[in-house]
Amino acid sequence: MKSVLLVFSKYVDMLIDRLGRSTAWLTTILMILICIDVLLRYVWSITYNWMVELEWHLFAIIFLVGASYTFLHDKHVRVDVFYERFPSHLKSAVNLFGVLLFLIPWSLVVIYYGWDYMANSFSFRESSSQPNGLPARYVIKSFITIGFFLLLLQGVSKIIKSIYSKEL
């Protein structure tokens, strides 16, 4: 069973790493889009609602998919005043209980409510309320569920690694 779980954890880590690296390219697209938006707005006084909304949507995708990637590489925000001085077995225990007590329950809550939120948006093909806005708002709403599902998967991988690490 241990080897099956560790293989599962390895594949989750590989999936999250690939998705995170792929999503990172969206930051370049977002930067170019923002530069074009600023240039149009301040040089020619032209604004497009779809462009501003696309900026929000790209940022949301980067954030939601990037959260699991950040967690995989242990770059998430935490209070390191004490944690950085802990021995490795205590760090594994802190990670395990943090994931079990906080990450998994909150991810499940967001997935549960996010699913209905997304399904409702898909059911009537929700689009932007702004003139010339983006036509498919339901796509970005689906990333709430997708992002937190990826974070949940990464949390499960972290639990497996914490339990089966030599230090714990």
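Compare SER107, SER127, SER68 in a GNM of the chain, Cα atoms joined below 10 Å, and give the one with the largest fluctuation.
It is SER127.
Please check the chain for the longest run free of trypsin sites (Lys or Arg not before Pro) that are loop-located per DSSP (anything but H, G, I, E, B) and have at most 15 other Cβ atoms within 10 Å.
Numbers: sites that count: LYS75, ARG78, ARG85, ARG125, LYS166.
Of all site-free stretches, the longest is 1-74.
Taking just the C-alpha trace of the chain, give me its Rg and Dmax in Å.
For the chain, the Cα radius of gyration and maximum Cα-Cα distance read 19.5, 63 Å.
Extending each Cα 7 Å along its Cβ direction at VAL109 and LYS10, get the distance between those two points in nm, one decimal.
Taking the two extended label points, one gets 3.6 nm.
With θ set to phi - 60° and the Karplus curve 6.51 cos²θ - 1.76 cosθ + 1.60, what are the ³J(HN,Hα) couplings of the range 124-132 in order, to the nearest whole Hz, using x for Gly and Pro?
So the J values, rounded to whole Hz, are 10, 6, 4, 10, 5, 7, 7, x, 6.
Counting Lys +1, Arg +1, Asp -1, Glu -1, what net charge surrounds SER121 among other residues with beta carbon under 12 Å of its beta carbon?
Once positives and negatives cancel, what remains is +1.
Taking the Cα centre of the chain as origin, sum charge times position over the Cβ atoms of Lys and Arg (+1) and Asp and Glu (-1), and report the length of that vector in debye to the nearest 20.
On the way: 15 positive and 11 negative charges, 96 e Å.
With only Lys, Arg, Asp and Glu charged at Cβ, the dipole is about 460 debye.
On alpha carbon coordinates alone, what is the Rg over Rh value for the range 1-69, Rh being the Kirkwood radius?
1.27
Skipping prolines and chain starts, which residues have an amide H placed within reach, meaning under 5 Å, of the one on LEU134, given they are 5 or more residues away or on another chain?
The list, which skips near neighbours in sequence, is SER128.
Excluding VAL7 itself, what net charge comes from residues whose Cβ is under 15 Å from its Cβ, given Lys and Arg +1 and Asp and Glu -1?
Residues near VAL7 contribute +2 overall.
Working out 0.36 nm times the residue gap between ASP80 and ILE32, then minus their Cα-Cα distance, what length gain in nm do you get to one decimal?
The ASP80-ILE32 span can extend by a further 13.8 nm.
Restricting to DSSP loop positions (anything but H, G, I, E, B) with no more than 14 other Cβ atoms inside 10 Å of their own Cβ, which chymotrypsin sites (Phe, Trp or Tyr not before Pro) remain in the range 86-168? Let's see the in-between values first.
On the way: sites: PHE97, PHE102, TRP106, TYR112, TYR113, TRP115, TYR117, PHE122, PHE124, TYR138, PHE143, PHE148, PHE149, TYR164; in loops: PHE124.
Here the chymotrypsin sites (Phe, Trp or Tyr not before Pro) that fit, given the DSSP loop and packing criteria, are PHE124.
Under the rule of -39500 (n - 2.57) per DSSP H run of 4 or more residues, summed and divided by the residues of the chain, what mean residue ellipticity at 222 nm is obtained, to the nearest 500 deg cm²/dmol? Show your work: numbers first, answer last.
Details: 6 runs with 130 residues, N = 168.
For the chain, the value works out to -27000 deg cm²/dmol.
Take the Cα atoms of the range 48-147, build their convex hull, and give its volume per residue in Å³.
Normalising the Cα hull of the range 48-147 by residue number yields 102 Å³.
Please name whichever of ILE61, SER88, SER127 sits farthest to the positive end of the charge dipole of the chain, dipole taken about the Cα centre and charges placed at Cβ: Lys and Arg +1, Asp and Glu -1.
SER88
Could you run the Karplus curve 6.51 cos²θ - 1.76 cosθ + 1.60 with θ = phi - 60° over the range 15-20 and give me ³J(HN,Hα) per residue in whole Hz, x for Gly and Pro?
Calculated HN-Hα couplings, in order: 4, 4, 5, 5, 5, x Hz.
How charged is the neighbourhood of ALA60? Take every other residue with its Cβ under 12 Å from the Cβ of ALA60, and add Lys/Arg as +1 and Asp/Glu as -1.
Around ALA60, the surrounding residues sum to 0.
The numbers here are math on the coordinates, done by the rules we state, and not lab data. Predicted, not measured: the structure shown is a model, and the values here were computed from it. Positions of Cβ are generated from backbone atoms using ideal geometry, with glycine treated the same way; all protein chains shown enter the neighbour counts.
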